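One structure is given below, encoded as structure tokens.
The values are calculated or read from the model by the stated rules, or taken from the named source; none is laboratory data. Bear in mind that the values here come from a model prediction, so they are computed numbers and not experimental data. Ideal geometry is used to build each Cβ from the backbone, glycine not excepted, and the neighbour counts take in all protein chains shown. Areas reflect the complete protein model, heavy atoms only, side chains present, ligands, DNA and RNA absent. Shrake-Rupley method; radii C 1.70, N 1.55, O 1.52, S 1.80 Å.
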Amino acid sequence: MKSIRIEELRTDKVPEKLEDMGMENWYAVQVRTGREESVLHLIKKIVDRTVLTECFIPYCERMKRYQGEWHKERSVLFPGYVFLITERVDELFQELKKIPEFTKILGDGAGFIPLREEERKMLTDTGGRDHLFEMSRGYIVGDQVIITSGPIKKMEGKITFIDRHKRFAVVQMDMFGRKIDVKIGLEIVRKQSKGEYKHGN
């Protein structure tokens, strides 16, 4: 039997503003990597909607090359996690037991721990109502990366790696109470030396 560990949750309809969230909390349910969408489908199908406001998976746009062309595709932003929103986490946990896979909501031993406000804000401000982190764009001057548009420009994170050929960046960010590395689509439109940049400006 496959196991699903649940760290944090929250519910259904994304509020227009953070102030409209009321007492609802967001939690990240840890699942087996690659099983995110199937688990999300089971939650939507089985769990009583009166205890679940929303369940979703944040995605990011990535460029992939095949058949001689570049194609824009969606990838799971946080592999191994499904997000839930609820104000009735104890009842939700009981509902999750209906899923034909073992589930467990992780906490600190005293209770379930919801996402922090800054984590929720990052997801809503950057991913929007569709929970989609679109492609970012930028350029490189010397050893400095200048992000001109996209979610990376909004995120407070440190770019640790850029693959210009595969068009993505690895960004280190605070999430789930720790620092994690996430891959986000990034198009580097040009690369210049500092001398070239100063001359051009």
Q: Among the candidates 168, 176, single out the residue that is under 30 Å from residue 120 (Cβ atoms), crowded, with 16+ Cβ neighbours inside 10 Å and at pLDDT 90 or above.
A: 168
Q.
Criterion first (open to solvent by less than 50 Å² (accessible area, probe 1.4 Å) and in contact with an Asp or Glu (Cβ under 6 Å, 6 or more places away or on another chain)) does residue 87 satisfy it?
A. no
(Q) Can you say whether residue 148 is at pLDDT below 90, among the hydroxyl-bearing types (Ser, Thr, Tyr) and not in a helix (DSSP H, G or I), as far as the supplied structure shows? (A) no
(Q) For region 137-158, which positions are of a type in the set (Val, Ile, Thr) and open to solvent by 40 Å² or more (accessible area, probe 1.4 Å)? (A) 145, 146, 148
Q. Among the residues of region 56-78 satisfying the criterion of being of a type outside the set (D, E, K, R) and more than 17 Å from residue 128 (Cβ to Cβ), which is most open to solvent (accessible area, probe 1.4 Å)?
A. 67
Q | Members of region 37-50 that are closer than 14 Å to residue 83 by Cα and open to solvent by 10 Å² or more (accessible area, probe 1.4 Å) | A | 37, 38, 40, 41, 42, 44
Q: Note down all Cβ pairs under 9 Å where the first residue falls in region 122-136 and is more than 17 Å from residue 175 (Cα to Cα) and open to solvent by less than 20 Å² (accessible area, probe 1.4 Å), the second is among the small types (Gly, Ala, Ser) and assigned to a loop (DSSP other than H, G, I, E, B), and they're at least six residues apart or on different chains.
A: 136/150
Q: Check region 20-37 and report whether any residue there is at pLDDT below 70 and farther than 18 Å from residue 92 by Cα.
A: yes
